[in-house]
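Asks: This structure is in structure tokens; I'll ask about it shortly.
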Amino acid sequence: MSTQRLEEVRSSFLADLESAGADAEAVEKVRIRYAGRRSGLLNELTAHLRELPNEKKRDYGRGLNELKKEIEAKLTEANMAVRDTVVNAEPGQIHVKGHPSTVSVGTAESRIDVTLPGTPLARGAEHPVHLVRRRIEEIFLRMGYDVEDGPEVEDDWHNFEALNIPPDHPARDDQDTFYLADGHLLRTHTSPVQARVMERREPPIRIIVPGRVYRRDSDLRHSPMFHQIEGLLVDEGITVAHLKATLETFLHALFSDEVDVRLRPGYFPFTEPSAEVDISCIFCGQKGCGVCSGSGWIEILGSGMVDPRVFEAVGIDSERYTGFAFGLGLDRVAMLVYGIPDLRQLFAGDQRLTRQFA
Ligand code: DAH
């Protein structure tokens, strides 16, 4: 009768454990029901031993011991199965029932080994145009200039009219302009910032203005968006000598003291007189090469003395003040300095180009 009770407990334990499977919470319930310290069935069966007549104690005791060992072993086995499911689960997918939080572990193979070296991060590099811009800014900051900024979406007044380029002026045709529906335009040069600064500031003025400009143009040497840097100096008694000395100092600092600087007569509506500025070819020492088209000279910037009509347009007394201005293409300088053959490569976003400047 009593050993039969042991058999009953054994088979109900096995059935309960079977249905608990690898569910941690269910396995724990089975353990409490059978092997729990206070009210587990094994306790009850042990208590029963004392009530048995002596001749039955021996068989029952042995059977009870076997049952205890079996239950212990089976519970250990079940707990291992629970642990394996946790370990072999996909990372981050496990929620162990009865466990306070989701346990994030990988499979045995994919578990994170924090001692492994990390994935290397690619190092960024400064864009060649930005490098040139910074170099030029540094040269002028040392000479006491301020760096100014202006809008890329401009109005006709600042981009053209204030710079002595009236609506019917042929210079408008040189600069294929992107017009916006509301009458604004994308600035075709950085010169409008000259006008903006002179409108709001009294001389003396010493500024450089780097920035993006836009023209409807695209080939090996032209891109619809490119970069310029503008310079402006206004004060009493400024002459062409100041312009020439400033540009020479600048170009020597940018390229080398060895380069010769040449001013050629030129034309810009906003300067009078105007000059195109060339440097002796840095590639062939003026013997003539592909870069200078055999001439020995490379055209590098436009400049001149600020036209009195510009001063009048922005409200500066042209009897009292004179000044000079200049403008150059940053991309062109970057191409020259770094030997980049196609302007469009500068804006293709290909890291194989920029990485070389790290
Ligand atoms: N704005 C001219 C251009 O886009 C460049 C330039 C020439 C700027 C002469 C100046 C200047 O300030 O004086 O081609």
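Asks: Return the single residue from PRO210, PRO53, PRO341 with maximal mean-square fluctuation; model: Gaussian network over the chain, springs between Cα atoms under 10 Å.
Replies: With Cα springs under 10 Å in the chain, the top fluctuation among PRO210, PRO53, PRO341 is at PRO53.
Asks: In the stretch 128-357, what percentage of the DSSP-assigned beta bridges are antiparallel, given to the nearest 5?
Replies: Percent antiparallel among DSSP bridges in the stretch 128-357 is about 95.
Asks: Taking the Cα atoms of the stretch 213-315, report the difference between the largest and smallest coordinate on each principal axis, in whole Å and largest first.
Replies: 46, 35, 22
Asks: Dividing the convex hull volume of the alpha carbon atoms of the chain by its residue count, what do you get in Å³ per residue?
Replies: Dividing the Cα hull volume of the chain by its residue count gives 256 Å³.
Asks: Around ALA358, what is the net charge, scoring Lys/Arg as +1 and Asp/Glu as -1 over all other residues with Cβ under 9 Å from its Cβ?
Replies: So the surrounding residues net to +1.
Asks: How large is the helix-only mean residue ellipticity at 222 nm for the chain, computed as the sum of -39500 (n - 2.57) over DSSP H runs with n ≥ 4, divided by its residue count, in deg cm²/dmol to the nearest 500?
Replies: The helix-only estimate for the chain comes to -12500 deg cm²/dmol at 222 nm.
Asks: Can you tell me the length gained on complete extension of the stretch ARG38 to SER11, counting 0.36 nm per residue apart and subtracting the Cα distance?
Replies: Extra length available between ARG38 and SER11 comes to 7.6 nm.
Asks: Between beta-carbons, use under 14 Å as the cut-off and find the net charge around LEU263, counting Lys and Arg +1, Asp and Glu -1.
Replies: Computed value for this residue: -2.
Asks: Another question, if that's okay. What is the distance in Å between the Cα centres of the stretch 157-182 and the stretch 6-77?
Replies: Taking the Cα centre of each part, the stretch 157-182 and the stretch 6-77 sit 97 Å apart.
Asks: Highest mean first, what order results for 320-331, 184-195 on Cβ atoms within 10 Å?
Replies: 184-195, 320-331
Asks: Quick one: among VAL314, VAL82, VAL147, which has the greatest mean-square fluctuation in a GNM of the chain with alpha-carbon springs under 10 angstrom?
Replies: VAL82
Values quoted throughout were computed directly from the atomic coordinates according to the rules given, and no laboratory measurement underlies them. These numbers were taken from a predicted model, which means no experiment stands behind them. In this analysis, Cβ positions are derived from the backbone assuming ideal geometry, glycine residues included, and neighbour counts consider all displayed protein chains.
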